[in-house]
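Have a look at the structure below before the remarks.
The values are calculated or read from the model by the stated rules, or taken from the named source; none is laboratory data. Source: prediction; values computed, not measured. Quick reminder, even Gly has a Cβ in these numbers, built from the backbone with ideal geometry, and neighbours come from all protein chains shown. Ligands, DNA and RNA are stripped out before the accessible areas are found, and what is left, the full protein with its side chains, is counted by its heavy atoms. Shrake-Rupley method; radii C 1.70, N 1.55, O 1.52, S 1.80 Å.
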Amino acid sequence: MGNLLVALLSGGMDSTVAMAQAIAQQDPEVVIACSFPYGSKHNAAETAAAANLVDWYQRETAIDIRHQIVQMPNVFAGGQSALMGDVAMPHLTYKEIAEGDGPSPTVVPFRNANLISLATSIAVVNDLKEKDPVTVVCGMHAEDARNWAYPDCTPEFLGAMANAVYIGTYNRVRLQFPLIWMMKSDIVRVGLELGVPFHLTWSCYEPVSVGTTVMPCGKCPTCVERIQAFKVNGEEDQVEYAVPIEW
């Protein structure tokens with residue numbers, strides 16, 4: 001097709017699978033994988049994972065994939081998000097969080113609107129042929145959206161953003177969120193089918209230093225859901241956790 005794909009690549013398994021699926025389906029000429037460190041406790045580990053993933057795809061495939069890191073201003077601090085260190089990190093599953101009242105304590109206020117907007121601007125600036133379609137892909141999924149635990153991951157929010165992106169770029173850019181009806185176990189299954197290097201991804205909200213090594217905690221919501229998703233698929237996660245995991 002010879003078009004441009006811009007992927008929001010945090011370094012986590014959701015964004016990686018979304019990018020890998022879009023690459024397989026669209027055969028883009030160029031992929032720009034965008035990482036947006038915004039001041040969270042796990043951004044350094046995530047961004048390092050994203051860089052490793054881009055290196056892997058450059059080395060193991062014929063894809064022209066480029067990593068663009070955009071350091072965001074620290075506008076989210078003080079928003080009472082556990083990711084920013086404002087409140088304690090819950091050791092709960094996504095389902096347990098969704099069963100509570102209001103948004104998850106790990107929500108970063110209106111974060112995804114900012115990330116999608118930045119990625120859209122990058123897509124327009126780097127558009128290869130101006131008249132060809134340009135895609136921005138992101139990895140929000142059904143467990144994030146459940147019971148509006150993460151309002152900026154819901155189909156309603158993303159649908160509105162897709163309209164804004166398309167209209168605001170004079171019909172040049174389309175926002176895609178291919179995992180929106182998938183659970184974590186579905187995402188692992190699709191990633192395994194696509195040969196995603198899950199061992200290079202990072203999904204933990206609370207990195208743990210063990211000597212000179214930084215490891216996922218194995219207890220935060222995203223660790224718990226990731227571990228369970230691999231178990232559902234009958235696979236052992238090749239990432240090493242700071243606590244023993246019974247596979």
Worksheet item: Among the residues of region 33-48 satisfying the criterion of being aliphatic (A, V, I, L, M) and either open to solvent by 10 Å² or more (accessible area, probe 1.4 Å) or touching a Ser or Thr at 6+ places or on another chain (Cβ under 7 Å) (or both), which is nearest to Val210 (Cα to Cα)?
Response: Ala45
Practice prompt. Note down all Cβ pairs under 6 Å where the first residue falls in region 134-146 and is over 13 Å from Asn112 (Cα atoms), the second is among the basic types (Lys, Arg), and they're at least six residues apart or on different chains.
Written response: Val134/Arg172; Thr135/Arg174; Glu143/Lys184
Worksheet item: When you go through Val188, Val196, Val165 one by one, which is the residue that is modelled with pLDDT of 95 or more, crowded, with 17+ Cβ neighbours inside 10 Å and part of a loop (DSSP other than H, G, I, E, B)?
Response: Val196
Worksheet item: Is it the case that region 49-60 has a residue that's surrounded by 13 or more Cβ atoms within 10 Å (Cβ to Cβ), at pLDDT 85 or above, hydroxyl-bearing (Ser, Thr, Tyr) and more than 22 Å from Tyr205 (Cβ to Cβ)?
Response: yes
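Conditions tested, residue by residue: (1) more than 22 Å from Thr135 (Cβ to Cβ); (2) hydrophobic (A, V, I, L, M, F, W, C); (3) in a helix (DSSP H, G or I); (4) within 13 Å of the chain's Cα centre (by Cα).
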residue	(1), (2), (3), (4)
Leu5	no, yes, no, no
Gly11	no, no, no, yes
Ser15	no, no, yes, yes
Ala18	no, yes, yes, yes
Gln25	no, no, yes, no
Cys34	no, yes, no, yes
Tyr38	yes, no, no, no
Ala49	yes, yes, yes, yes
Leu53	no, yes, yes, yes
Practice prompt. Mind listing whichever residues of region 147-162 are open to solvent by 70 Å² or more (accessible area, probe 1.4 Å) and either in contact (Cβ under 8 Å) with a residue 60 or more places away in the chain or touching a helix residue (DSSP H, G or I) at 6+ places or on another chain (Cβ under 7 Å) (or both)?
Written response: Asn147
